[in-house]
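Visitor: Once you've had a glance at the structure underneath, I'll fire off some questions.
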Amino acid sequence: MLEEVERWLTRRSWSVADRPLDRILAAKAMRSSTVSVVLPALDEEETVGEIVSVIRRELMEKAPLVDELVVIDSGSTDRTARVAAAAGARVVHRDTILPRLPALPGKGEVLWRSLLVTSGDIVCFVDADLREFSADFVSGIVGPLLTDQDVRFVKAMYDRPLSRAAGGTAGGGQGGRVTELVARPLLNLHWPRLAGFVQPLGGEYAARRSLLERLPFPVGYGVELGLLVDALDTEGLDALAQVDVGVRVHRHQDERALGRMAAAIYRTAQLRLSRAHLVRPRLTQFERGEDGFVPRTHAVDTEERPPMLEIAEYTAGRAA
């Protein structure tokens, strides 16, 4: 197994510099492929505008790589939608997509619904909380899908510092706390062929629509792990790849939020390992109050959306 992972790292791990933009654009034109970029957003007014502006300027106006740029607002209470629209994105509210099916809270829900309001042959997901954003995050992960027809799913890899310091980074080699403490051990123990992924939970990845529409989507934090494992099972390791895009700077969550994320990711793995009933789909955490520790119990994401090909509105729209 170790030899297989090492071979995969040699064949399917690249740097953004390995594919210059002109080569990617030539491949896109030759194959007449289309590219959609989706930003799931919830209260991201501080960062979403800059991300949209960079993508629009660098990859739509200067270079015709991205054909549609869509921000899916999942219920923001700030100016996220207005800022994104002003920067040049098409903004769609989550609840207006497939209204017959009430929306569930969670990032995976938004990504799943985005397939209904985009049309690109290649769909690229980018988190809306990134700072110091570079267009390399998009061109880097879309590139292999346009230049290599055997590649079906590509994740970004990067340094993920806990903080930015003058002249450098702090904790530059960290993959993220939930990645290192939960996801990476799970993958190494149960899906060792995926052990070569540097950022298995990263929110920047691209895939062919023909793959995404066949996969179930966990509605919450487990979506990245679920899609990665299911893509392996559906297409095989050689169809998966990763590209080094440098450094990812974003807002970090507190330990309680990370605990809930970890529980959802563990549940996603558990379901794929056994398809068994989750005995207690809740997580109890503790906060210190005036009279001691107070328990706070949260539901763990247990819902998954079916492959989009099973949704009548989607298949009817694609046929039309």
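Visitor: Fully extended, how many nm does the chain gain between L2 and A320 (0.36 nm per residue separation, minus their Cα-Cα distance)? Please report the intermediate quantities before stating the final value.
Guide: Working: separation 318, 0.36 × 318 = 114.48 nm, distance 4.63 nm.
Answer, rounded to one decimal: 109.9 nm.
Visitor: Please state the relative contact order of the stretch 2-319 as a whole percent: Cα pairs under 8 Å, 6+ residues apart? If you can, show how the numbers build up before the last one.
Guide: Details: 594 pairs, mean separation 64.1, N = 318.
Relative contact order for the stretch 2-319 comes out at 20 percent.
Visitor: Assuming R0 = 56 Å, can you tell me the calculated FRET efficiency for the pair E287 and D22, based on Cβ-Cβ distance, to the nearest 0.05? It would help to have the intermediate numbers written out before the result.
Guide: Numbers: r = 54 Å, r/R0 = 0.96.
Taking R0 as 56 Å, the efficiency between E287 and D22 is 0.55.
Visitor: For a quick check, take a GNM of the chain with Cα springs below 10 Å and name the residue from A128, A103, A257 with the largest mean-square fluctuation.
Guide: Result for the chain, Cα springs under 10 Å: A257 fluctuates most.
Visitor: Suppose R0 equals 30 Å; then what is the FRET efficiency for R193 and E132 from their Cβ-Cβ distance, rounded to the nearest 0.05?
Guide: On the way: r = 33 Å, r/R0 = 1.09.
For R0 = 30 Å, the calculated efficiency reads 0.35.
Visitor: If you don't mind, there's one more thing I want to ask. What label, among (i) 6, 23, 26, 21, 15, 8, 1, 0; (ii) 6, 26, 37, 24, 6, 1, 0; (iii) 6, 25, 32, 25, 10, 2, 0, belongs to P(r) over Cα pairs in 10 Å bins from 0, in percent computed from the structure on display?
Guide: Calculated P(r) over Cα pairs in 10 Å bins from 0, in percent: the matching label is (ii).
Visitor: Can you give the extra length, in nm with one decimal, that the chain gains between S210 and E313 once fully stretched, where that is 0.36 nm per residue apart less the Cα-Cα distance? Could you put the intermediate results ahead of the total?
Guide: Numbers: separation 103, 0.36 × 103 = 37.08 nm, distance 1.63 nm.
Taking S210 through E313 to full extension adds about 35.5 nm, to one decimal.
Every number in this text was worked out from the coordinates using simple rules, so none of it is lab data. The shown structure was predicted, so the numbers you read here are calculated from the model rather than taken from an experiment. Cβ coordinates were reconstructed from backbone atoms using ideal geometry, including for glycine residues, and neighbour counts include every protein chain displayed.
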